[in-house]
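Before any comments, here is the structure.
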Amino acid sequence: MGFDVVVVGSINQDLTVSTRRHPSPGETVLGLGHRWGGGGKGANQAVAAARLGSETGMVGRVGEDEPGQALTAALRAEDIDVSCVGIDPSEPTGLAVITVDEEAENSIVVSPGANMGLTPRQVAECYSMLEDASVVLAQLEVPVESVIEAARAPSGLFCLNPAPAREIPPELLQLVDVLIPNRSELAALASVDLPSDRKAVLEAARRIEGPRSVVVTLGHEGALVISEDEVLAFAPSTVEPVDTTGAGDAFCGALANSLARGEDLSIAAQWATLAGGLATTKHGARDAMPTREEMERVL
Ligand code: RIB
């Protein structure tokens with residue numbers, strides 16, 4: 001039996017500063033406080049899937065430094081298999097500098113460090129973890145060639161969260177079963193202006209050739225599932241957000257968790273929408289990933 005979910009992606013240390021408003025270019029603003037936490041879209045999504053009960057493996061890379069050791073230990077403590085987390089002798093562990101304003105909106109700069117040293121070769125060496133996984137889930141904070149290598153592994157479903165927005169080779173898009181962009185990533189991939197309403201989101205998603213299905217996360221507007229034969233809208237849960245960092249990661253991890261259980265995409269998207277909403281009610285990224293108990297309490 002293979003893993004339920006294997007995540008191929010980034011592992012970062014997050015430095016989050018709360019602020020009344022985001023600074024404009026050239027401006028300094030005084031923050032309201034800061035905190036260090038675990039992050040990286042890959043690691044966050046792995047934690048989300050594991051907390052919801054998936055047997056989860058992580059393929060990634062950290063530096064040979066204290067943050068790298070601590071982040072790997074934290075993933076292990078979440079029952080995630082870290083045997084495919086490599087250690088880079090020359091680059092530091094990835095770092096994300098995040099600001100969160102009073103509206104709970106975040107902006108993020110990532111210094112990828114060791115994450116960019118995740119080579120296709122390291123991914124190929126992890127085939128024993130990837131093959132037979134029910135779901136392989138990847139993002140774009142690691143080299144695209146390595147994501148392609150992961151997508152080629154003989155696993156069940158391959159899901160791609162195209163974050164942050166980057167150019168994606170058509171070869172990779174052809175290998176995607178479920179693409180999970182947010183509104184701006186969708187616009188970049190479809191080469192259109194930011195879609196303002198559902199009709200525009202649908203049109204943009206239909207322009208992307210390759211993926212079998214597209215699940216668009218729309219923040220406080222919920223999510224839209226677009227497959228060849230159906231379009232389904234999912235309303236968000238009513239929550240009081242304090243920090244939107246990691247909401248997309250909670251969504252992706254929960255979607256993978258549900259798909260790995262054999263649920264169909266509509267059930268999985270409903271579950272994922274709930275997880276994304278719950279993640280906004282806590283500060284931080286990894287720390288905000290909901291547990292199964294928290295999800296069931298809300299259900
Ligand atoms: O999606 C949120 C994540 O993006 C943060 O944890 C940060 O590390 C960046 O990767």
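So which residues in the stretch 144-156 are in contact with a Ser or Thr (Cβ under 7 Å, 6 or more places away or on another chain) and modelled with pLDDT of 95 or more?
Passing the criteria: only 146.
Just to be sure I understand the filter: pairs with C-beta atoms under 6 Å, separated by 6 or more residues or on different chains, first member in the stretch 236-251 and at positive phi, second member in a loop (DSSP other than H, G, I, E, B) and within 9 Å of the ligand (Cβ to nearest atom). Which pairs pass?
If the second residue must be in a loop (DSSP other than H, G, I, E, B) and within 9 Å of the ligand (Cβ to nearest atom), the pairs left are 246/285.
Can you find a residue that is free of Cβ contacts under 8 Å to residues at least 24 places away in the same chain, closer than 29 Å to residue 57 by Cα and in contact with a Leu (Cβ under 6 Å, 6 or more places away or on another chain) anywhere in the stretch 264-272?
The answer is yes, given that some residue of the stretch 264-272 is free of Cβ contacts under 8 Å to residues at least 24 places away in the same chain, closer than 29 Å to residue 57 by Cα and in contact with a Leu (Cβ under 6 Å, 6 or more places away or on another chain).
Is it the case that residue 178 is surrounded by 19 or more Cβ atoms within 10 Å (Cβ to Cβ) and under 23 Å from residue 51 (Cα atoms)?
So residue 178 passes the test.
Would you pick out the residues in the stretch 147-167 that are open to solvent by 20 Å² or more (accessible area, probe 1.4 Å) and more than 19 Å from residue 132 (Cβ to Cβ)?
164, 165, 166, 167, listed by residue number.
Kindly list, by first and then second residue, each pair from a residue in the stretch 281-294 that is polar (S, T, N, Q) to a residue that is open to solvent by 10 Å² or more (accessible area, probe 1.4 Å), limited to pairs with Cβ atoms under 6 Å and residues at least 6 apart or on different chains.
281/239; 291/51
Tell me which of these residue 205 doesn't satisfy, since it passes every other one: (1) out of contact with any Asp or Glu (no Cβ under 8 Å at 6 or more places or on another chain); (2) farther than 22 Å from residue 278 by Cα; (3) open to solvent by 20 Å² or more (accessible area, probe 1.4 Å).
Of the numbered conditions (1) out of contact with any Asp or Glu (no Cβ under 8 Å at 6 or more places or on another chain); (2) farther than 22 Å from residue 278 by Cα; (3) open to solvent by 20 Å² or more (accessible area, probe 1.4 Å), the odd one out for residue 205 is (3).
If I ask for residues that are within 16 Å of the ligand (Cβ to nearest atom) and open to solvent by 20 Å² or more (accessible area, probe 1.4 Å), which ones from the stretch 1-13 would you list?
Once the filter is applied, which keeps residues that are within 16 Å of the ligand (Cβ to nearest atom) and open to solvent by 20 Å² or more (accessible area, probe 1.4 Å), the stretch 1-13 yields only 13.
If you go through the stretch 14-28 one residue at a time, how many are within 22 Å of residue 116 (Cα to Cα) and either among the hydrophobic types (A, V, I, L, M, F, W, C) or open to solvent by 60 Å² or more (accessible area, probe 1.4 Å) (or both)?
Going through the stretch 14-28 one residue at a time, the tally reaches 1.
Can you tell me how many residues within the stretch 265-299 are polar (S, T, N, Q) and not in a loop (DSSP other than H, G, I, E, B)?
3
Name every residue in the stretch 240-289 that is within 18 Å of residue 75 (Cα to Cα), open to solvent by 50 Å² or more (accessible area, probe 1.4 Å) and more than 13 Å from the ligand (Cβ to nearest atom), in order of residue number.
Across the stretch 240-289, there are no qualifying residues.
The values are calculated or read from the model by the stated rules, or taken from the named source; none is laboratory data. The shown structure was predicted, so the numbers you read here are calculated from the model rather than taken from an experiment. When we count neighbours, we look across all protein chains shown, and the Cβ atoms used for this are built from the backbone with ideal geometry, even at glycine. SASA here: full protein model, heavy atoms, side chains in, ligands and nucleic acids out. Shrake-Rupley method; radii C 1.70, N 1.55, O 1.52, S 1.80 Å.
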